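A.B. asks: Quick one: the structure is below, and I'll ask about it shortly.
The values are calculated or read from the model by the stated rules, or taken from the named source; none is laboratory data. As the structure is a computational prediction, the values presented were derived from the model and not from experiment. Positions of Cβ are generated from backbone atoms using ideal geometry, with glycine treated the same way; all protein chains shown enter the neighbour counts. Just so you know, the surface numbers come from the protein's heavy atoms only, side chains and all, with ligands and any DNA or RNA stripped out. Shrake-Rupley method; radii C 1.70, N 1.55, O 1.52, S 1.80 Å.
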Amino acid sequence: GYDAAVTSRSVVEAMIASAPCGHVLTSAAAFSRALQIASEEIDAARLNAAAVEILGHLGGVGEPCGTVVVSVPEIVTDELTGRQVPFVAPTSAEVESVLRGVSELTEEEVRRKRVPVPMRLLPENMPVVQVERTVLPGGVVSLLLPNGLRVRLLVHRSTPDGPSQSTMRLRGLGGRAADVMTGSDSAVQAGLLALENSGVGEWSREQVRLYKRMNLVDAEFRALPDVIETDVHFAPTLSSCRAALEWLHWLLREPQMDLQGFAEAQLRLKGLANAREKSIEGKAIQMLKEEMYPRDPWLWEATLAQVNCLTLGQAKRAALAQLGDLSMLELDIASSAVPSVSTSRVGSSMSHEEGGQEHADAPADGDAQEAIEEMQRALEQEICQALGSLPAAQSVGAKLQPRLEPTMSWSGCELRSHMPDAQERGFVAVAGGAPGWHGRGDATWQAATASQNAAWLESCSVDPAYASSAMRLMSECMNGRLLSRIRDQLSLAYNCEVCITMYEGFSAGNFICKCYAAPEKLAMATRAALEVLRSPSFFPFTDAEVEASKRVLSYREAQEKRERGYWVQRLRPLLDGQCAATRLSEERDLLGKLTADDALQAWKMLTGLEDPFIVQATSGSPLVASMLPPGPLVDRSPRPPPSTPAFSASAAASMELLD
């Protein structure tokens with residue numbers, strides 16, 4: 001890491017927070033030189049001596065000494081029966097016998113356990129294929145490889161507050177919705193988690209792990225309701241980027257999904273399902289999703305029963321079905337360039353994304369542009385070499401079925417949940433419908449807003465980013481009202497917020513208002529939250545609220561720039577074929593032009609406020625659940641269901657004849 005031009009602010013803050021001692025902050029250049037000198041002085045013998053000094057008290061050198069803390073639960077839940085059974089804690093003698101029973105490895109065992117790490121996963125003389133290259137506005141380079149894979153590349157000038165890692169994101173349509181077609185719920189999640197720690201090609205999982213660790217490559221897989229995403233984070237050096245592309249090549253070409261990787265993935269999903277059942281918020285949100293989308297289980301989280309029914313074959317088929325056809329995938333890569341670092345040496349063609357420093361001898365704009373262009377050429381060559389030779393279809397029968405469209409339930413509900421716990425807590429979630437990312441919602445949303453969505457749809461057709469920007473502004477205005485009314489004025493909750501989900505893969509969305517309150521105040525907090533959510537109908541948003549919300553959004557965007565994956569998220573394609581990165585300045589201008597009328601128009605696109613979905617969750621002793629008054633807590637005005645076309649006379653006659 002001594003090729004870094006600056007030190008990430010997040011790294012500095014983490015160092016200061018983790019070390020209870022004095023700190024000396026120096027310039028990035030001096031720090032890089034010190035790291036380079038230290039790397040030249042440290043050898044294997046010195047590293048092993050330091051390890052012995054740090055870990056010797058555990059028994060490797062001399063008599064072992066130290067303290068061992070064993071923490072166990074009192075009660076555990078049996079997976080098969082679901083009953084709670086007591087857990088027998090191990091005795092101190094059993095713990096001591098286990099620790100002292102660890103035998104020292106022999107030289108033969110050490111030699112046998114050594115794992116050879118490959119230097120590269122692809123040969124150096126890979127051919128550079130010809131691609132279709134397009135330069136989009138904003139500096140985004142679009143590459144269409146012969147196998148159909150679409151690659152969008154963004155190299156930007158580094159900023160002092162940027163993340164310390166670059167990111168490439170592989171996206172494919174399908175997600176958990178594709179599991180419904182195959183009849184294996186949560187199979188794609190298990191398959192992607194298994195691929196995260198599996199081997200590729202001829203290399204074992206241990207070799208791949210060490211290869212990624214040595215080249216500072218980290219990968220994480222996500223199966224969303226509408227898409228699957230694979231984020232590959234790499235150090236901003238050319239060697240680390242090459243290693244990430246080579247691993248991605250073999251992941252798409254010849255992944256190894258063994259039984260051990262599947263078992264680990266299944267255990268992770270079981271842990272998430274169990275943790276959700278033990279969380280009042282997680283359990284309440286799960287109940288809410290099941291009531292909102294009773295016919296669309298891919299929008300729910302995986303349950304323990306679904307995870308237990310998964311097999312290795314189901315997970316493998318589900319993952320390969322969505323990763324097998326490269327023409328259905330898109331790869332977005334975002335990195336940075338800093339003129340202060342020489343791009344002629346191998347391993348130093350890229351620098352930290354936080355890049356340049358704000359000092360007197362900062363590089364000129366011409367030098368920065370030259371570094372960006374040089375970076376683009378190097379990355380394009382690596383992309384064509386590593387991914388251009390892949391065939392279009394990696395697996396037979398990898399074509400996905402037509403996607404499903406979810407539909408929210410027409411009538412709301414009010415549910416309650418209680419969880420035994422030592423701490424008394426309360427949580428309420430109020431939910432309803434919202435449009436999708438492109439401005440249109442599901443069939444329920446269209447029927448509920450048919451009389452007032454003409455202006456909204458027209459604005460969304462003019463600017464594809466209007467829907468998301470207006471909803472962000474409206475939700476921030478609503479958050480300000482919730483906090484000022486429920487927390488500050490009435491002191492009913494210690495936190496409350498509105499979260500809006502706008503799906504990209506299909507036309508659907510929802511909003512969830514979350515409130516955290518004491519159990520005795522939960523009923524009043526529920527009524528107050530619903531009153532605030534309905535308040536724009538009689539008290540529209542003001543200009544002062546809108547301007548304050550814009551300042552909050554600007555501050556939040558500045559904080560998000562420090563996170564890795566921010567710039568790759570800006571490469572998301574829009575309806576008009578452009579990328580969000582090319583429209584970043586336009587989106588900022590659009591957010592600045594939005595008024596209180598736009599926020600009010602976005603609020604009118606929320607459905608279910610008169611007949612909402614409500615889940616109230618409490619934890620504590622059994623008496624805590626009795627703090628909620630019996631019966632419904634809020635007044636409802638159920639909407640009449642959409643009219644269905646009447647049968648014709650001939651159809652009715654034929655039905656009578658059949659009867």
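A.B. asks: Of the conditions (1) crowded, with 19+ Cβ neighbours inside 10 Å; (2) of a type in the set (Gly, Ala, Ser); (3) over 19 Å from residue 453 (Cβ atoms), residue 599 clears all except one; give me its number.
C.D. replies: Here residue 599 clears every test but (3).
A.B. asks: Can you say whether residue 518 is closer than 20 Å to residue 432 by Cα and modelled with pLDDT under 95, as far as the supplied structure shows?
C.D. replies: Numbers: closer than 20 Å to residue 432 by Cα: no; modelled with pLDDT under 95: yes.
No.
A.B. asks: Separate question: Just checking: which of the helices (runs of 4 or more DSSP H) contained wholly in region 239-337 hold 1 or more residues that are open to solvent by less than 30 Å² (accessible area, probe 1.4 Å) and either within 30 Å of residue 166 (Cβ to Cβ) or of a type in the set (Asp, Glu) (or both)?
C.D. replies: Values: elements: 259-277, 280-292, 304-308, 312-323.
In region 239-337, the matching helices (runs of 4 or more DSSP H) lie at 259-277, 312-323.
A.B. asks: Kindly list, by first and then second residue, each pair from a residue in region 612-625 that is hydroxyl-bearing (Ser, Thr, Tyr) to a residue that is surrounded by fewer than 24 Cβ atoms within 10 Å (Cβ to Cβ) and part of a loop (DSSP other than H, G, I, E, B), limited to pairs with Cβ atoms under 8 Å and residues at least 6 apart or on different chains.
C.D. replies: Taking only residues 6 or more apart or on different chains, the pairs are 618/424; 618/627; 618/628; 619/421; 619/423; 619/424; 621/424.
A.B. asks: Here is a further query. Look through 548, 525, 517, 465 and report the one residue that is over 30 Å from residue 322 (Cα atoms), crowded, with 16+ Cβ neighbours inside 10 Å, under 29 Å from the mean Cα position of the chain (by Cα) and of a type in the set (A, V, I, L, M). Break it down stepwise before answering.
C.D. replies: Values: 548 fails: crowded, with 16+ Cβ neighbours inside 10 Å; 525 fails: under 29 Å from the mean Cα position of the chain (by Cα); 465 fails: over 30 Å from residue 322 (Cα atoms).
Being over 30 Å from residue 322 (Cα atoms), crowded, with 16+ Cβ neighbours inside 10 Å, under 29 Å from the mean Cα position of the chain (by Cα) and of a type in the set (A, V, I, L, M) holds for just one of 548, 525, 517, 465, which is 517.
A.B. asks: If you take the residues in region 196-212 that are open to solvent by 20 Å² or more (accessible area, probe 1.4 Å) and in a loop (DSSP other than H, G, I, E, B), which one is modelled with the lowest pLDDT?
C.D. replies: 197
A.B. asks: OK, next. Considering only residues of region 70-116 that are touching a Lys or Arg at 6+ places or on another chain (Cβ under 9 Å) and in contact (Cβ under 8 Å) with a residue 24 or more places away in the chain, which is farthest from residue 238 (Cα to Cα)? First the steps, then the outcome.
C.D. replies: Going residue by residue through region 70-116, those that are touching a Lys or Arg at 6+ places or on another chain (Cβ under 9 Å) are 77, 79, 105, 115.
Those still in the list that are in contact (Cβ under 8 Å) with a residue 24 or more places away in the chain too: 77, 79, 115.
Numbers: 77: 49, 79: 48, 115: 25 Å.
Among those residues, the one meeting the criterion is 77.
A.B. asks: Kindly list, by first and then second residue, each pair from a residue in region 449-478 that is touching a residue at least 24 places away in the same chain (Cβ under 8 Å) and among the hydroxyl-bearing types (Ser, Thr, Tyr) to a residue that is open to solvent by 20 Å² or more (accessible area, probe 1.4 Å) and in a loop (DSSP other than H, G, I, E, B), limited to pairs with Cβ atoms under 8 Å and residues at least 6 apart or on different chains.
C.D. replies: These pairs meet every condition: 468/437.
A.B. asks: Among residues belonging to region 83-97 that are open to solvent by less than 100 Å² (accessible area, probe 1.4 Å) and either aliphatic (A, V, I, L, M) or in contact with a His (Cβ under 9 Å, 6 or more places away or on another chain) (or both), point out the one that is nearest to residue 73 (Cα to Cα).
C.D. replies: Checking each candidate, the answer is 89.
Listed here are the residues, each with its yes/no results for (1) out of contact with any Phe, Trp or Tyr (no Cβ under 8 Å at 6 or more places or on another chain); (2) modelled with pLDDT of 90 or more; (3) basic (Lys, Arg).
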| residue | (1), (2), (3) |
| --- | --- |
| 604 | no, yes, yes |
| 611 | yes, yes, no |
| 635 | yes, no, no |
| 659 | yes, no, no |
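A.B. asks: Another question, then. Just a yes or no: is a residue in region 213-227 surrounded by fewer than 23 Cβ atoms within 10 Å (Cβ to Cβ), part of a helix (DSSP H, G or I) and touching a residue at least 12 places away in the same chain (Cβ under 8 Å)?
C.D. replies: Scanning region 213-227 turns up at least one residue that is surrounded by fewer than 23 Cβ atoms within 10 Å (Cβ to Cβ), part of a helix (DSSP H, G or I) and touching a residue at least 12 places away in the same chain (Cβ under 8 Å).
A.B. asks: Here's a follow-up. Within region 54-79, which residues are at pLDDT 70 or above, over 22 Å from residue 91 (Cα atoms) and open to solvent by less than 80 Å² (accessible area, probe 1.4 Å)?
C.D. replies: Those that are at pLDDT 70 or above, over 22 Å from residue 91 (Cα atoms) and open to solvent by less than 80 Å² (accessible area, probe 1.4 Å): 56, 78.
A.B. asks: If you don't mind, another one. Among the candidates 645, 641, 573, 622, which residue alone is farther than 30 Å from residue 458 by Cβ and either open to solvent by 30 Å² or more (accessible area, probe 1.4 Å) or at pLDDT 80 or above (or both)? Steps first, answer last, please.
C.D. replies: On the way: 645 fails: farther than 30 Å from residue 458 by Cβ; 641 fails: farther than 30 Å from residue 458 by Cβ; 573 fails: farther than 30 Å from residue 458 by Cβ.
From the options 645, 641, 573, 622, the qualifying one is 622.
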